[in-house]
Structures are given as structure tokens and as C-alpha cells.
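Undergrad: Before anything else, here's the structure in question.
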Amino acid sequence: MEGAMGLTFNSRTCSFSKCIILFLFLLFHPTTEAYDSLDPNGNITIKWDIMSWTPDGYVAVVSIYNFQRYRHIQAPGWTLGWTWFKKEVIWSMLGSQTTEQGDCSRFKGSIPHCCKKTPKVVDLLPGTPYNQQIANCCKGGVINSWVQDPANAVSTFQISVGSSGTTNKTVRAPRNFTLSAPGPGYTCGPARIVRPSKFKSTDLRRETQALLTWNATCTYSQFLSQKAPSCCVSMSSFYNETIVPCPTCTCGCQNNITQPGSCVEGDSPYLASAIARPGKDNFAPLVQCTNHMCPVRIHWHVKTNYKEYWRVKVTITNFNYRMNYTQWNLIVQHPNFDNLTQMFSFNYKSLPTYGSINDTAMLWGIKFYNDLLMQAGPMGNVQSELLFRKDKATFTFDKGWAFPRRIYFNGDNCVMPPPDAYPWLPNSTSRALISLIQVVAFLAAFAFLSAF
């Protein structure tokens, strides 16, 4: 028998009850696929432009372009690595630096900036002296998303390379590019020769071009970035007293007995020391103890029903004691976004997905007001309200229509409650009288009794 999701159920190898359990696991298990249907062409492109030759190498400008619509690189910023093709060294850099110098003992007199075969490069911090800067550098490795802030969606540094080729025929591109942003998640392809980049002079009257240009493309996978989800969604409405929480153990489970420090209570005397002690890496979240254990929760509340409009309140809460989310953003899919009338205290931009269909919105904070989502605590939330106009042809509060289909936070897919848990109208007759679990239990019992 051909089952859901392309599975084939064989009566000889899979009992009825086992097949039902397998089906439910696949149905409700969150997916973290690498392909993003809302941003199919999104990537980070590393452009390596050789600008001039030197006696033993070249000077290049390296640019990191973020062509992703809503995923950005936040503090503590990017780290770019590669493997040299030969025995190249870095003599000097502007706008960035390597994390290690390496063994430069073979050089006499002048010592290179870095002699490692596999250098790791980081951006310089704001406030760097001007004689160490170039354009689009020194932002602490933070690169904004293409839609949210295209002017700051690029980071650039200059590098002087020695012990390499000195012509287009003898020079070789670096291999095995890696990009941490700031943790794992990106996979980079090989560098390829492309059409040389062109540059306009400040007066826009002259055009120059690079001597040679390489491009390497890096794509993101949430599966590689983290083992567990990073956010979840809860729901409520004015017409139903039930508050639908994030599913229990969405991002992990409280287990302070076998895994001490998995979460911290807000009034714990050990909170300050736990924040200062990152653990295995600097990016491991330290979350407030909750049933869902997620660093971030998005709550969607259907607030008011007017004659021609309806209003929603959206609240984003940070439960991570180690993270201030800078330049955060939210992607929401809902069929009524084509009738959005007013947005309060958030920025908004429509993200058309399929032709003229307008069911996806990007929301983010207002600069210097609520673009910083503070770490867990009394100030660790931002909120806004959305006012929608009713479309008589499509509008309804029935069957969970008022709630979003999918939500992303900072580009990561958030776990939604199961569909049968959505707040329904109290007088709804279309809702099933028994839950899906009860149906499965009944069918399993029926199958068991039939065997006798």
C-alpha cells in the first residue's frame, strides 16, 4: 500500500499500529531542509578581485555579499576561512585580520601578517583607526539581509598575498572556503573564474576593472546550523479562552539532573556565573526554563474583531540569556497579508512568492527603537499590532484561518503547534469531536480485536 510522503507500507514487515506510529512521527517531525522556498536564490557570494600585481604576489579586495532576502549575520559576526593552493602568505591586510599568525620562522627581516596554510579571517570592530580601514569594513562582522538593509549587506577587506603567482596564468585561487556566521550552517562551493568586476570612479566618469575575479558561493542549511529548532510559535484569540502553547520539548527538554545547566530560572543565584561561562562554544544558548526550552517564542494573538477589520498582536520573546538579537526579523505566511492596512511599531515589506500571490510578509524592528531584542528578562520582548481589512470572499475565523501557516525568525523555520490544537470558534460544528490521537487509538484497538 502506498502511504503518505511516498512511503510504501508492506503488511509482512509493518504492522498496522507500527505504521500508524511511523506516519505520525513523520507528520509532526519538524523539517529543516536546506532549500528555502521563500528565498530559492538566496546565498552569500565571496568575490575575490585581484587589483594589482606585486613582486611576489598580488593585492586583492575580498567582498562578502549577502544576497539572502531575510537571513543576516549577527554579532559576533562572520569568520571566513580557506586553504591556500600553494605556499602563499598574507603580508598585510586592511579592514580585517587573521585570528592566528602561524609559523613565519622561514622569513628573515619583514614578517608576514599570517603564514598559516588555512587562515581564518575576521572583520575589524567599529572605531578602528582610519588608516586600517577600507569601504564596507569594520562592522564587527555584522552583515544585514538584502531586503532589510541592502546598503549594509556587504563586508569588504583588502589583502596583500605573497609567495604566489604574479600573472593570470600562474596565480591560483584558494580552496575549501568556509564561512561561520557566527556558527556553522553554510557550505561553500569552489572558487571559479568569472567576468572581472568593474568599478566606477567617485566622479562616475571613469571605469576600471579587476585584473582577475573569482567567485565562491555559500548556501545555508538549518539542518547543519543546529541540531534542534531555535524558535516556536504559540497562539491565542479573543473568541477562545484556550491559549495554545509551544509544544512541550520543542527545542529540548528540561534535564538538569543528567545535564546540569540545560536551563536556568530567572531568580537563580547561579545565573550570572552561567552567562559568563559559555560552555562548549560561545554560541550555545542558555535558555530560561520553560516547557518548550526554545531561545525564542513568537506569540500570535487574534485581538479584536471589527465590522470591516480585524486586529492581531504579535509578541516576540527572547528566552536566551546569552544573546541580544540585533537587526532581528520575522517572516510570516498568512493569506490575508494582501489586505494588511496598518502596522504599528514594526517595519513591513511584502515578499511575493508565486507570481502575484501576496501571502508572505517580512517584519522587523524600527532602528534605535526596537531593532534590538534584548536577552531574557523583563525587557526581553518586542511587540506590535497588525490591522487587516476583511475580504468577504476569503475572510473567516473558522478552522484556524486567522493564524499563520508558517513563521521564520532570523531565517530559521519555527515550530508551529499541531493544526488540531489551533483556537477554534466556540460554536464551530466543523471541528472534529475527537482528536487525532483518539482516532488512531480506536483504529489500533479495532485492528487488535480483529486479529482474534
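Undergrad: Given a 1.4 Å probe, how much area per residue of region 320-380 is accessible, in Å²?
TA: Per-residue accessible area for region 320-380 comes out at 46 Å².
Undergrad: How charged is the neighbourhood of K313? Take every other residue with its Cβ under 12 Å from the Cβ of K313, and add Lys/Arg as +1 and Asp/Glu as -1.
TA: Taking every Cβ under 12 Å from that of K313, the sum is +1.
Undergrad: With every protein chain kept in place and ligands, DNA and RNA left out, what is the accessible area per residue of region 95-189? Probe 1.4 Å, answer in Å².
TA: That works out to 49 Å² for each residue.
Undergrad: Principal axis lengths of region 82-216 from Cα atoms, whole Å, largest first?
TA: 46, 34, 33
Undergrad: Run the numbers for R205 and T341: contour at 0.36 nm per residue of separation, minus the present Cα-Cα distance, in nm.
TA: Full extension from R205 to T341 adds 44.5 nm.
Undergrad: Let's see if you can work this out: charge +1 on each Lys and Arg Cβ, -1 on each Asp and Glu Cβ, no other charges. What is the dipole magnitude of region 146-218 about its Cα centre, in debye to the nearest 20?
TA: Dipole magnitude for region 146-218 comes out near 360 debye.
Undergrad: Relative contact order (percent) for region 34-91, with alpha-carbon contacts under 8 angstrom and 6 or more residues of separation?
TA: 28
Undergrad: Rounded to a whole number, what is D in µm²/s for region 296-435 from Stokes-Einstein with the Kirkwood radius over alpha-carbon pairs (10 °C, 1.306 mPa s)?
TA: Translational D for this selection: 98 µm²/s.
Undergrad: Another question, then. Give me the distance between the Cα centres of region 33-106 and region 154-201, rounded to whole Å.
TA: Cα centres, region 33-106 to region 154-201: 6 Å.
Undergrad: Mind giving me the nanometre distance, one decimal, between the label points for T118 and Y369, set 7 Å out from Cα along Cα→Cβ?
TA: The answer from the label model is 4.7 nm.
Undergrad: Per residue, how much accessible area does region 381-423 have with a 1.4 Å probe, in Å²?
TA: With all protein chains present, region 381-423 gives 40 Å² per residue.
Undergrad: Over the alpha carbons of region 43-119, what is the largest minus smallest coordinate on each principal axis, giving the biggest first in Å?
TA: Extents along the principal axes: 48, 27, 22 Å.
Undergrad: Which value in nm describes the separation of the simple spin-label points at T54 and S356, placed 7 Å from the Cα toward the beta carbon?
TA: Each label point is offset 7 Å from its Cα along the Cβ direction, giving 5.8 nm.
Undergrad: Next question. Show me 319-330, 165-176 ranked by packing, highest mean number of other Cβ atoms within 10 Å first.
TA: Final packing ranking: 319-330, 165-176.
Undergrad: Using 0.36 nm times the number of residues separating N176 and Y309, minus their current alpha carbon distance, what extension gain do you get?
TA: Net length gain for the segment: 42.5 nm.
Undergrad: Using the beta-carbon distance between K349 and A228 and R0 = 25 Å, what value does 1/(1 + (r/R0)^6) give for FRET efficiency, to the nearest 0.05?
TA: Step by step, r from the Cβ atoms, then E = 0.30.
Undergrad: Quick one: length gained pulling C253 to K108 fully straight, 0.36 nm per residue minus the C-alpha distance?
TA: Fully extending the segment from C253 to K108 adds 46.5 nm.
The values are calculated or read from the model by the stated rules, or taken from the named source; none is laboratory data. As the structure is a prediction and not an experimental result, all values here were calculated from the model. Reconstructed Cβ throughout: ideal geometry from the backbone, glycine too, with neighbour counts over all protein chains shown. For accessibility, only protein heavy atoms count, side chains too; no ligands or nucleic acids. Shrake-Rupley method; radii C 1.70, N 1.55, O 1.52, S 1.80 Å.
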